[in-house]
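These notes are about the structure you will find just below.
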Amino acid sequence: MNLEELQRTMAAAVMQPLTDEEEMQPRDTTGRWQGRPMDEVVGQFIAPNSRLTAFERLEIYNRQYWFRLQTAFHEDFPALRAVVGPERFEALMNAYLTAHPSRSFTLRNLGSNLLDWLFQNPHFAGRKIKLALDVVRVEWACIEAFDNSEFAPLNIEEIAALGANPQLALQPYVQLLALDYPADDLVLDMHRRQRRESSEAGARPEADQDEDFTPLRLRKHATWLAIHRVDYSLYYKRLTQPEYRTLTGLRAGLTLAEALESAFAGSRLNVASQVRQVQQWFATWAQLSWLCAPANPSVGQ
Amino acid sequence: MSANRFNAYQNHGVGIGLRIPHYDHIFAHQPAVDWFEIISENYMIDGGRPLHMLDRIMEHYKVVQHGVSMYFGSAQPPDREHLRRLKSLVQRTKTPWLSDHLCWGSIDGTYSHDLLPLPYTWEAVAKTAARIREVQDFVEVPVAVENVSSYAEFLDSEMTEWEFLNEVVERADCGILLDVNNIYVSSVNHDFAPMDYVNAIPAERVAQIHIAGHTRYEKYILDTHDHPVIDPVWQLYARAVERCGPTPTLLEWDDRIPSFEEVWAEARKAEKYLTPAKSAAEEPQLTGAAR
């Protein structure tokens, strides 16, 4: 076996899901080795020592792999765990991590596919799937808002100087969400802003792993939300639907006029009220430093 | 000896790993720590609080970057995005040298986020050395590779771990981050004499030394970085300093992190070994000491 094939083989063994007792599977469950006993498989490339078999030695890595990913996932989605319950969360987490192992050098991106995956696999959340999806939206948005980039903001005078129909951009850290539930209330209540650090330590941290939260009981209520940061701390800001539409329009690259047209489509507000509202929005957005110049503004707009 | 081309001729003294639970203490008290080691990947991001805090730290302290996912021993080419972000951080921190591990951890774009051991083969020597050279050329600072703790050995291995390390660093012409705790952990897990390892490494290539604690189980030791340094590891450290001279030394404490004072007090125990070595190094008549 050359180095590349050896590493591919070892990775497959190390990343194979654990048993319910958090041990290495006695037999191959991936199909890669036709269901053969794992001690045979591992014995082909790992040497035993006087105290441990080849199986037991590789099992250390198998367990470390899963403990590390599970710990990261726990830290990123504590409110999801509270909503679906610890048992369902374990199954959801292991199924997701099997379907979407890390494809990034950083564990920060581990949950990047969770929303799409849960949408495709709603049975993992049970009856609370819609709330679970909203909570995932909020928890993932927190990760993005925490360390996404920030460009020089435009103040209200600079925005005014861009003309009547400028193209504007939103700071990459500003996350816009349209929710079925006011899931921000739930997440705010229980999200512990403990940031994960990469390290070499391989042990499973004990802190917070088994702590059960009781989530707030929420009623369905359409909610538009921005998650952003001020002075490097995360904040949540509720938006009106037209405000949300305007901001998503700007993010999609619409000009201001196009974004506002989309935002007020079907609105019963008279034009004067709309103008007042837009002025208030811009004053707030500029104060919060949400607006910046687009990287590549469209020519002629 | 201690200040050499693999640590940009710096002699940083004793440092500790920069960890979030210690931020408040550091900013409030500005303790006299010689330097902090940062985990590169924690700061290879686009913005936000982590980079802001790093910038604040760098106003008062020297920092050195230590990576956990370059995977010098991976058989496939490095992730270009990873390299780009790493270089960007190098330019921000002005780290005098950069370290990562003699291990592998990703294949076909999937990451284990673990420091997986290599088979000690000539093929692995050639591929690992080539990758270290590639990274070193790209980031344009000296690179030091760290020996890892391991729990498994490969049937294919053709040499000892220290022979493998020596071959790799010679071919890559890079430095060594000598982790004496990792040597101890692996020596127990693989039944070799740890002092043989320390005595075999090329002292002139040691850019930095790591010390740390670990957890002993019935049949093996796990490198958990959650305990003080034990005496046998201090003995390895003493011998390493005897051979290498007063080398930049870093205590790792990554889990169940105690107060700043406790971590710093543990790290400063290294000064007992470093100070005599520094005096000896400054005495011109003591050339030819046992190395």
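Just checking, which of B:E170, B:E153, B:E161 is touching a His at 6+ places or on another chain (Cβ under 9 Å), closer than 24 Å to B:E123 by Cβ and more than 12 Å from every other protein chain (Cβ to nearest Cβ)? Please lay out each step first, then the result.
Details: B:E170 fails: touching a His at 6+ places or on another chain (Cβ under 9 Å); B:E153 fails: more than 12 Å from every other protein chain (Cβ to nearest Cβ).
Of B:E170, B:E153, B:E161, the one residue that is touching a His at 6+ places or on another chain (Cβ under 9 Å), closer than 24 Å to B:E123 by Cβ and more than 12 Å from every other protein chain (Cβ to nearest Cβ) is B:E161.
Kindly establish whether B:S88 is more than 19 Å from the chain's Cα centre (by Cα), surrounded by fewer than 18 Cβ atoms within 10 Å (Cβ to Cβ) and among the hydroxyl-bearing types (S, T, Y).
Details: more than 19 Å from the chain's Cα centre (by Cα): yes; surrounded by fewer than 18 Cβ atoms within 10 Å (Cβ to Cβ): yes; among the hydroxyl-bearing types (S, T, Y): yes.
Yes: the conditions hold for B:S88.
Counting only residues that are touching a Ser or Thr at 6+ places or on another chain (Cβ under 6 Å) and touching a residue at least 40 places away in the same chain (Cβ under 8 Å), segment B:169-192 holds 2 of them.
Inspect all residues belonging to segment A:101-110 and state whether any of them is within 20 Å of the chain's Cα centre (by Cα), at the interface with chain B (Cβ under 10 Å from one of its Cβ atoms), assigned to a helix (DSSP H, G or I) and in contact (Cβ under 8 Å) with a residue 24 or more places away in the chain. Lay out the reasoning, then the answer.
Of the residues in segment A:101-110, the ones within 20 Å of the chain's Cα centre (by Cα) are A:101-110.
Now restrict to residues that are at the interface with chain B (Cβ under 10 Å from one of its Cβ atoms): A:101-110.
Next cut, assigned to a helix (DSSP H, G or I) only: A:107-109.
Subset that is in contact (Cβ under 8 Å) with a residue 24 or more places away in the chain: A:107-108.
Scanning segment A:101-110, I find at least one residue that is within 20 Å of the chain's Cα centre (by Cα), at the interface with chain B (Cβ under 10 Å from one of its Cβ atoms), assigned to a helix (DSSP H, G or I) and in contact (Cβ under 8 Å) with a residue 24 or more places away in the chain, so the answer is yes.
Would you confirm whether or not segment A:128-143 contains a residue that is without any contact (Cβ under 8 Å) to a residue 12 or more places away in the chain, farther than 30 Å from A:L256 by Cα and assigned to a helix (DSSP H, G or I)?
Quick first cut of segment A:128-143, residues without any contact (Cβ under 8 Å) to a residue 12 or more places away in the chain only: A:129.
After this cut, where a residue has to be farther than 30 Å from A:L256 by Cα as well, the list is A:129.
Next cut, assigned to a helix (DSSP H, G or I) only: A:129.
Yes, segment A:128-143 has at least one match.
The set of residues in segment B:138-168 being over 15 Å from B:V198 (Cα atoms) and free of Cβ contacts under 8 Å to residues at least 40 places away in the same chain consists of B:A152, B:E153, B:F154, B:L155, B:D156, B:S157, B:E158, B:M159.
Considering only residues of segment A:135-155 that are of a type in the set (G, A, S) and surrounded by 17 or more Cβ atoms within 10 Å (Cβ to Cβ), which is farthest from A:A178 (Cα to Cα)?
Narrowing segment A:135-155 to residues of a type in the set (G, A, S): A:141, A:145, A:149, A:152.
Remaining after also requiring surrounded by 17 or more Cβ atoms within 10 Å (Cβ to Cβ): A:141, A:145.
On the way: A:A141: 12, A:A145: 16 Å.
For segment A:135-155, the residue satisfying everything is A:A145.
Annotation for segment A:81-90: no member residue is within 14 Å of chain B (Cβ to nearest Cβ), buried (at least 21 other Cβ atoms within 10 Å of the Cβ) and hydrophobic (A, V, I, L, M, F, W, C).
Determine which member of the set A:A132, A:A169, A:A125 is of a type outside the set (V, I, T), in contact with a strand residue (DSSP E or B) (Cβ under 6 Å, 6 or more places away or on another chain) and buried (at least 17 other Cβ atoms within 10 Å of the Cβ). Explain how you work it out, then say what you get.
Numbers: A:A132 fails: in contact with a strand residue (DSSP E or B) (Cβ under 6 Å, 6 or more places away or on another chain); A:A125 fails: in contact with a strand residue (DSSP E or B) (Cβ under 6 Å, 6 or more places away or on another chain).
After applying the criteria, what remains is A:A169.
Scanning segment A:224-258 for residues that are small (G, A, S) and surrounded by fewer than 21 Cβ atoms within 10 Å (Cβ to Cβ) yields A:S233, A:G249, A:A252, A:G253, A:A257.
Within segment A:151-163, the set of residues being part of a loop (DSSP other than H, G, I, E, B) and in contact (Cβ under 8 Å) with a residue 40 or more places away in the chain comprises A:F151, A:A152, A:L154, A:N155. Would you confirm whether any residue within segment B:30-50 is touching a Gly at 6+ places or on another chain (Cβ under 6 Å), assigned to a helix (DSSP H, G or I), touching a residue at least 12 places away in the same chain (Cβ under 8 Å) and farther than 25 Å from B:D226 by Cβ? Checked against the condition, which is being touching a Gly at 6+ places or on another chain (Cβ under 6 Å), assigned to a helix (DSSP H, G or I), touching a residue at least 12 places away in the same chain (Cβ under 8 Å) and farther than 25 Å from B:D226 by Cβ, segment B:30-50 yields no hits at all.
Being under 23 Å from B:E170 (Cα atoms) and basic (K, R) narrows it down to one residue among B:R216, B:R239; which is it?
Numbers: B:R216 fails: under 23 Å from B:E170 (Cα atoms).
None of the other options fit; the residue is B:R239.
Any idea which residue in segment B:8-23 is farthest from the other protein chains (Cβ to nearest Cβ), counting only those that are of a type outside the set (D, E, K, R), under 12 Å from B:F36 (Cα atoms) and not in a helix (DSSP H, G or I)? In this case the residue turns out to be B:G13.
Determine whether B:D79 is modelled with pLDDT under 95 and more than 29 Å from B:Y237 (Cβ to Cβ). Here the answer is yes, as B:D79 does meet what is asked. Across segment A:137-157, a minimum of one residue is classified as within 13 Å of another protein chain (Cβ to nearest Cβ), over 29 Å from A:L216 (Cα atoms), touching a helix residue (DSSP H, G or I) at 6+ places or on another chain (Cβ under 9 Å) and not hydrophobic (A, V, I, L, M, F, W, C).
Identify, from the list B:I39, B:I107, the residue that is out of contact with any strand residue (DSSP E or B) (no Cβ under 9 Å at 6 or more places or on another chain), buried (at least 16 other Cβ atoms within 10 Å of the Cβ) and at the interface with another protein chain (Cβ under 10 Å from one of its Cβ atoms). Show your work before the answer.
On the way: B:I39 fails: out of contact with any strand residue (DSSP E or B) (no Cβ under 9 Å at 6 or more places or on another chain).
Only one candidate qualifies: B:I107.
Of everything listed in (1) more than 11 Å from chain A (Cβ to nearest Cβ); (2) within 19 Å of the chain's Cα centre (by Cα); (3) more than 25 Å from A:A11 (Cβ to Cβ), the single unmet condition for B:N181 is (1).
Is there a residue being surrounded by 18 or more Cβ atoms within 10 Å (Cβ to Cβ), within 8 Å of chain B (Cβ to nearest Cβ) and out of contact with any Cys (no Cβ under 6 Å at 6 or more places or on another chain) anywhere in segment A:32-41? No, segment A:32-41 contains no residue that is surrounded by 18 or more Cβ atoms within 10 Å (Cβ to Cβ), within 8 Å of chain B (Cβ to nearest Cβ) and out of contact with any Cys (no Cβ under 6 Å at 6 or more places or on another chain).
In this structure, is A:N165 polar (S, T, N, Q) and more than 27 Å from B:M53 (Cα to Cα)?
Numbers: polar (S, T, N, Q): yes; more than 27 Å from B:M53 (Cα to Cα): yes.
When the stated conditions are applied, A:N165 passes them.
In this structure, does B:A75 turn out to be among the hydrophobic types (A, V, I, L, M, F, W, C), more than 18 Å from the chain's Cα centre (by Cα), at the interface with chain A (Cβ under 8 Å from one of its Cβ atoms) and farther than 30 Å from B:H29 by Cα? Criteria met by B:A75.
The values are calculated or read from the model by the stated rules, or taken from the named source; none is laboratory data. For clarity, every value in this text was computed on a predicted model and none was experimentally measured. Glycine also receives a Cβ, built like all others from the backbone with ideal geometry; neighbour counts cover every protein chain displayed.
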